[in-house]
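Engineer: Below you will find the structure I want to go over with you.
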Amino acid sequence: MFDERGVSVWRGDVRDEQALRAVAPDLDMLLTLGGDGTIVRATRNVSAFGVPLLGVNLGTLGFLAEVEPTDVEAAVTAVLDGKYTIEDRMMLHMELRRDGKTVLETEAVNDVFLGRGITSRKVHVSVEVDGYHVMTQVADGVIVSTPTGSTAYCLAAGGPIIAPDLDCITLTPVAPHLSLAHAVVIPPTRTLCLRLIRGEGAIVTVDGQVDSLLDPGDQVRHSASEFSARFVRFGGDGSFYETVLRRLRWPDQRPKE
């Protein structure tokens, strides 16, 4: 099919992130075969180059995937015929600072988790927005998520489901101990900073794929990324709501006509 259309194809393993980033400037589109984790990893590595992704669902839920394996040929034909749209979603820029120096900097498609790691002890985290102290969380951890990530770890921790076309940053506590037990949503124009006050063996995890141990005093800064996660879509604007209902297998009581 690709040869007939004069389309050149690159094939690779998404786990080889260095090779993926190297070829990204030459890609017009990336087709991924796997679950949401595959799509998230690929997106984080090609977003700086504006490469849109078409996800083929080989995973369990497939929130981000657009087509099932049986529909791949039809989907590729539609893409080659230009019958698709591009959905842009907000990403997070995460920066880990220690003693005034940046030790880790990356983008997040879903979320950044700061919390307990190798021990079962709770962590004490100072939460600041644009330099203003908001609260101190004593919990197993806190999740900072994008709207895309609201249906991932955020949802499992009791956070809100946020439509992907609403740009915002959500902070959701995980098992808070005598602390605020509700999610907090802030505009994307703000900078959210989490400072670890106390927490032996605490970690920070980006999209569940990039990890780093933390020391007391470390700061994890979050802001809206200058890059977007770009996904190929064939449905209308309401496809997200249908996907949530279908993927989570929630019962639907339609109103009687």
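The values are calculated or read from the model by the stated rules, or taken from the named source; none is laboratory data. Predicted, not measured: the structure shown is a model, and the values here were computed from it. Note that we place each Cβ from the backbone using ideal geometry, even for glycine, and neighbour counts take in every protein chain shown.
Engineer: Residues in the stretch 163-178: is at least one part of a strand (DSSP E or B) and acidic (Asp, Glu)?
Structural biologist: Pass one, the stretch 163-178, residues part of a strand (DSSP E or B): 169-176.
The next check asks that each one be acidic (Asp, Glu); those that pass are none.
Taking every residue of the stretch 163-178 in turn, none turns out to be part of a strand (DSSP E or B) and acidic (Asp, Glu).
Engineer: Could you grab the pairs with beta carbons closer than 8 Å, sequence gap of 6+ or different chains, first residue in the stretch 35-59 and in the same structural domain as residue 232 (by TED's automatic domain parsing), second one surrounded by fewer than 18 Cβ atoms within 10 Å (Cβ to Cβ) and of a type in the set (D, E, K, R)?
Structural biologist: So the pair list comes out as 41/15; 41/17; 45/17; 45/21; 46/21; 51/28; 56/68; 57/68.
Engineer: Going through the stretch 79-107 one residue at a time, which ones are in contact (Cβ under 8 Å) with a residue 24 or more places away in the chain, outside any strand (DSSP E or B) and on the phi < 0 side of the Ramachandran plot? It would help to see each step written out before you state the result.
Structural biologist: Within the stretch 79-107, the subset in contact (Cβ under 8 Å) with a residue 24 or more places away in the chain is 79-80, 83-99, 103-104, 106-107.
Retained after the next criterion (residues that are outside any strand (DSSP E or B)): 79-80, 83-84, 99.
Passing the criteria: 79, 80, 83, 84.
Engineer: Take residue 235 and decide whether it is touching a Gly at 6+ places or on another chain (Cβ under 8 Å) and surrounded by fewer than 15 Cβ atoms within 10 Å (Cβ to Cβ). Please lay out each step first, then the result.
Structural biologist: Values: touching a Gly at 6+ places or on another chain (Cβ under 8 Å): no; surrounded by fewer than 15 Cβ atoms within 10 Å (Cβ to Cβ): yes.
Considered against the rule, which asks whether it is touching a Gly at 6+ places or on another chain (Cβ under 8 Å) and surrounded by fewer than 15 Cβ atoms within 10 Å (Cβ to Cβ), residue 235 comes out as no.
Engineer: Could you tell me which of the residues 145, 120 is outside the structural domain of residue 59 (by TED's automatic domain parsing) and over 24 Å from residue 48 (Cα atoms)? Please lay out each step first, then the result.
Structural biologist: Numbers: 145 fails: over 24 Å from residue 48 (Cα atoms).
Of the residues listed, the single one that is outside the structural domain of residue 59 (by TED's automatic domain parsing) and over 24 Å from residue 48 (Cα atoms) is 120.
Engineer: Right, here's the next one. Quick check on my filter: what residues within the stretch 146-162 are crowded, with 19+ Cβ neighbours inside 10 Å, assigned to a loop (DSSP other than H, G, I, E, B) and in contact (Cβ under 8 Å) with a residue 24 or more places away in the chain?
Structural biologist: Within the stretch 146-162, 146, 147, 152, 159 qualify.
Engineer: While we're here: Please work out which one of (1) at pLDDT 95 or above; (2) under 23 Å from the mean Cα position of the chain (by Cα) is the condition residue 165 fails and give its number.
Structural biologist: (1)
Engineer: How many residues, within the stretch 19-63, are β-branched (Val, Ile, Thr), in a loop (DSSP other than H, G, I, E, B) and in contact with a helix residue (DSSP H, G or I) (Cβ under 7 Å, 6 or more places away or on another chain)? Walk me through how you get there before you give the answer.
Structural biologist: Looking only at the stretch 19-63, we keep the residues that are β-branched (Val, Ile, Thr), and these are 23, 32, 38-40, 43, 46, 51, 56, 60.
Filter once more, so that each one left must be in a loop (DSSP other than H, G, I, E, B): 51, 60.
Filter once more, keeping what is in contact with a helix residue (DSSP H, G or I) (Cβ under 7 Å, 6 or more places away or on another chain): 51.
Here the count works out to 1.
Engineer: Looking at the structure I just gave you, is residue 80 closer than 28 Å to residue 34 by Cβ, crowded, with 22+ Cβ neighbours inside 10 Å, in the same structural domain as residue 29 (by TED's automatic domain parsing) and not acidic (Asp, Glu)? It would help to see each step written out before you state the result.
Structural biologist: Numbers: closer than 28 Å to residue 34 by Cβ: yes; crowded, with 22+ Cβ neighbours inside 10 Å: no; in the same structural domain as residue 29 (by TED's automatic domain parsing): yes; not acidic (Asp, Glu): yes.
When the stated conditions are applied, residue 80 does not pass them.
Yes or no, residue by residue, for (1) surrounded by fewer than 18 Cβ atoms within 10 Å (Cβ to Cβ); (2) among the basic types (Lys, Arg); (3) not in a helix (DSSP H, G or I):
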position	(1), (2), (3)
133	yes, no, yes
136	yes, no, yes
200	yes, no, yes
205	no, no, yes
216	yes, no, yes
221	no, yes, yes
229	no, no, yes
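Engineer: Which residue out of 52, 25 is crowded, with 20+ Cβ neighbours inside 10 Å and farther than 21 Å from residue 221 by Cβ?
Structural biologist: On the way: 25 fails: crowded, with 20+ Cβ neighbours inside 10 Å.
Matching residue, one of 52, 25: 52.
Engineer: Inspect all residues belonging to the stretch 59-76 and state whether any of them is touching a strand residue (DSSP E or B) at 6+ places or on another chain (Cβ under 9 Å), surrounded by 14 or more Cβ atoms within 10 Å (Cβ to Cβ) and among the aromatic types (Phe, Trp, Tyr). Please lay out each step first, then the result.
Structural biologist: Within the stretch 59-76, the subset touching a strand residue (DSSP E or B) at 6+ places or on another chain (Cβ under 9 Å) is 59, 62, 64-69, 71-72, 74-76.
From what is left, the residues that are surrounded by 14 or more Cβ atoms within 10 Å (Cβ to Cβ) are 59, 62, 64-67, 71-72, 75-76.
Retained after the next criterion (residues that are among the aromatic types (Phe, Trp, Tyr)): none.
Among the residues of the stretch 59-76, not one is touching a strand residue (DSSP E or B) at 6+ places or on another chain (Cβ under 9 Å), surrounded by 14 or more Cβ atoms within 10 Å (Cβ to Cβ) and among the aromatic types (Phe, Trp, Tyr), which makes the answer no.
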